[in-house]
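Student: What follows is a structure written as structure tokens; I'll ask about it next.
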Amino acid sequence: MQSDSLHQSLLTLDSHVDIPWPEAEDPFGETSRCLDIPKMRAGGLKAVCLVAYVPQGKLDDEGFDAATARALAMLETINRIGHNHAARLTSAADEIAAAVAAHLPAIIPVVENGHAIGVDLANIARFRALGARYITLTHNGHNALADSAVPRRDLGDEATRHGGLSDLGRAAIIEMNRLGVVIDVSHSSRAAMLEAVAQSKFPVVASHSCVRALCNHPRNLDDTQLDILAATGGVVQITAVPYFVRRGGSVHDTNVAHFCDHIEYVVRRIGIDHVGIGSDFDGGGELADWRDVSQCANVTQDLRGRGYTEEQIAKIWGGNFLRVLRASEVKA
């Protein structure tokens, strides 16, 4: 099968794309952003996790309340996008597959930064009621749940705050497991990531991360982290942020081949079942030859050129991520 035909036949899923906030351009028309519905159709991208991103703020009542309110408002916006006649809001893996079969872009709500939970675990159920399928434990800066891979000195962060997860973070993982919300360990410190994998009953995801052996950045996963992720059934979704792909990389000198080097490293290290794609478009992801989702076929073409089979590419482009979703659905 030719690369173009193969790409169009795949259930392609990008596990991490930011939405504009405050609300801006209509996503159902042509926009200046990396992702909109016309670009999804042009690029053969069938499903996307749209992110309710909450920046790290102060760890006080005012900061917690603002973070929760923002996450809820963003999830409501994602729900409106998904309830439009030209797309479909999805949460379960089978719903995603059904939307794709109906030729509708599948919209999957997610939350980035557990700061949105504040110190009230009831917020996890509120997010889940709006369809959220994963919560990224941290962003840049430590929060009440866990340490971040990138402390925020401007917020007064020391190198660590909890030494991994806090007691609240451990309780949050229990609640997320109960509700079928996947734990996302991208942005978490190494200690927090390893503890989260050990604490969770179900496989975890790194929704937008790269490989530390290829680019020595604290946001990337080292070999031990990859090994433990695989041993517990998890998946790392490789991201297209240039400076996570190549040390000091920019959109001008970092390309799909460099990106796919990270996919290939993971496949060789821990196997084809533990890698996927989470571009972080509209949140920093963008490569010289993958500027927006209309160019997603370039990734398939590179993988095909490396000798990956149709079945293997299907796993990378969404199958592995859907497996993790199903694992939490079956056992939650």
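The values are calculated or read from the model by the stated rules, or taken from the named source; none is laboratory data. Every value quoted in this text rests on a predicted model; they were computed, and no experiment measured them. Neighbour counts run over all protein chains shown; Cβ positions are idealised from the backbone, glycine included. To get the accessible areas, we keep the full protein, side chains included, count just its heavy atoms, and leave off ligands, DNA and RNA. Shrake-Rupley method; radii C 1.70, N 1.55, O 1.52, S 1.80 Å.
Student: Given (1) surrounded by fewer than 24 Cβ atoms within 10 Å (Cβ to Cβ); (2) in contact (Cβ under 8 Å) with a residue 60 or more places away in the chain; (3) touching a His at 6+ places or on another chain (Cβ under 7 Å), identify the lone condition not met by residue 327.
Tutor: (3)
Student: Which residues, taken from segment 169-205, are in a loop (DSSP other than H, G, I, E, B) and not charged (D, E, K, R)?
Tutor: 180, 181, 185, 186, 187, 189, 200, 202, 203, 204
Student: Scan segment 140-168 for residues that are under 17 Å from residue 69 (Cβ atoms) and either open to solvent by 40 Å² or more (accessible area, probe 1.4 Å) or not in a loop (DSSP other than H, G, I, E, B) (or both) and jot them down.
Tutor: Those that are under 17 Å from residue 69 (Cβ atoms) and either open to solvent by 40 Å² or more (accessible area, probe 1.4 Å) or not in a loop (DSSP other than H, G, I, E, B) (or both): none in segment 140-168.
Student: Let me ask something else about it. Is it true that some residue in segment 196-215 is within 22 Å of residue 134 (Cβ to Cβ), basic (Lys, Arg) and under 16 Å from the mean Cα position of the chain (by Cα)?
Tutor: No, that holds for no residue.
Yes/no per residue for (1) touching a residue at least 24 places away in the same chain (Cβ under 8 Å); (2) crowded, with 21+ Cβ neighbours inside 10 Å:
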{"residue": "41", "(1), (2)": "yes, no"}
{"residue": "58", "(1), (2)": "yes, no"}
{"residue": "62", "(1), (2)": "no, no"}
{"residue": "99", "(1), (2)": "yes, yes"}
{"residue": "108", "(1), (2)": "yes, yes"}
{"residue": "120", "(1), (2)": "yes, no"}
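Student: So, in segment 249-263, of the ones that are within 17 Å of residue 216 (Cα to Cα) and assigned to a loop (DSSP other than H, G, I, E, B), which residue ends up most open to solvent (accessible area, probe 1.4 Å)?
Tutor: Here the residue is 250.
Student: Answer yes if at least one residue in segment 204-215 is crowded, with 22+ Cβ neighbours inside 10 Å and farther than 28 Å from residue 298 by Cβ, and no otherwise.
Tutor: Among the residues of segment 204-215, at least one is crowded, with 22+ Cβ neighbours inside 10 Å and farther than 28 Å from residue 298 by Cβ, which makes the answer yes.
Student: Here is a list of conditions, (1) assigned to a loop (DSSP other than H, G, I, E, B); (2) touching a strand residue (DSSP E or B) at 6+ places or on another chain (Cβ under 8 Å); (3) surrounded by 21 or more Cβ atoms within 10 Å (Cβ to Cβ), and residue 51 meets all of them except one; can you say which number that is?
Tutor: (1) is the only condition that residue 51 fails.
So that you can scan it fast, the table gives a plain yes or no per residue for (1) exposed (fewer than 14 other Cβ atoms within 10 Å of the Cβ); (2) at pLDDT below 95; (3) in a helix (DSSP H, G or I):
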residue: 11; (1), (2), (3): no, no, no
residue: 25; (1), (2), (3): yes, yes, no
residue: 69; (1), (2), (3): yes, no, yes
residue: 77; (1), (2), (3): no, no, yes
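Student: Give the number of residues within segment 264-279 that are in contact with a helix residue (DSSP H, G or I) (Cβ under 7 Å, 6 or more places away or on another chain), among the aliphatic types (A, V, I, L, M) and open to solvent by 10 Å² or more (accessible area, probe 1.4 Å).
Tutor: 2
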